[in-house]
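So the structure is just underneath, and the comments pick up after that.
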């Protein structure tokens, strides 16, 4: 009887240690000072952003900590690649600062670099939620086709799969070792 109770407890431990869920996350640009960043790469814990222009600018539209990718002419018209640290789902974000003649496409890719969704011809300040039904987004490419001032972006929100902590993995290993010991004792 004692072995059955111990086996049940170890099974619960193993199942609990292996469970992972989605956690809400954001890209927080407030960690950067306002103004030109002097770099074409911004690194955050959740993602690495690469500008295909001359620089990144924080506070682009003057409404918060939004970012934009500057061209050599200091317009927010450069493309941006956002490579997430781990695949995400339920992605939404906000566009700011457009003028007549500005539009942008958003292209979502999975880990194998397959296009899995897009929102095309965005030409206004808006919450972009057309990718919110997707999961497994590893990369977001922002393809800016602007001819006026361009766009700023902020309020990136998404769900990321929780990664087990090393302590949880250790508990899982101990649980498996305990089950093996119980099985050996039961064979005698």
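The values are calculated or read from the model by the stated rules, or taken from the named source; none is laboratory data. Being a predicted model, the structure only gives us computed values, none of them experimental. With ideal geometry, Cβ positions are generated from the backbone for all residues, glycine too; neighbour counts draw on all protein chains shown.
Quick one: count up the residues across the range 104-123 that are closer than 19 Å to residue 66 by Cα and at pLDDT 95 or above. Residues in the range 104-123 being closer than 19 Å to residue 66 by Cα and at pLDDT 95 or above: 3 in total. Scanning the range 41-53 for residues that are farther than 20 Å from residue 105 by Cα, part of a loop (DSSP other than H, G, I, E, B) and without any contact (Cβ under 8 Å) to a residue 60 or more places away in the chain yields a total of 2. Please indicate, with yes or no, whether at least one residue in the range 159-182 is under 13 Å from the mean Cα position of the chain (by Cα), at pLDDT 95 or above and closer than 25 Å to residue 57 by Cβ. The answer is no, given that none of the residues of the range 159-182 is under 13 Å from the mean Cα position of the chain (by Cα), at pLDDT 95 or above and closer than 25 Å to residue 57 by Cβ. Checking the stated criteria, residue 53 turns out not to satisfy the condition of being surrounded by fewer than 22 Cβ atoms within 10 Å (Cβ to Cβ) and more than 16 Å from the chain's Cα centre (by Cα). Residues that are in contact (Cβ under 8 Å) with a residue 60 or more places away in the chain, crowded, with 19+ Cβ neighbours inside 10 Å and farther than 13 Å from residue 129 by Cβ within the range 85-103 comprise just one, 88.
Taking the conditions exactly as written (within 19 Å of residue 65 (Cα to Cα), at pLDDT 95 or above and in contact with a strand residue (DSSP E or B) (Cβ under 6 Å, 6 or more places away or on another chain)), does residue 156 satisfy them or not? Yes; evaluated as a whole, the condition is true for this residue.
Would you check if residue 137 is at pLDDT 95 or above and more than 18 Å from residue 97 (Cα to Cα)? When the stated conditions are applied, residue 137 passes them. When you check residue 80 against the structure, is it in contact with a helix residue (DSSP H, G or I) (Cβ under 6 Å, 6 or more places away or on another chain) and touching a residue at least 12 places away in the same chain (Cβ under 8 Å), yes or no? No.
Scoring residue 64 on the criteria (1) at pLDDT below 85; (2) in contact with a strand residue (DSSP E or B) (Cβ under 7 Å, 6 or more places away or on another chain); (3) loosely packed, with under 12 Cβ neighbours inside 10 Å leaves a single failure, condition (3).
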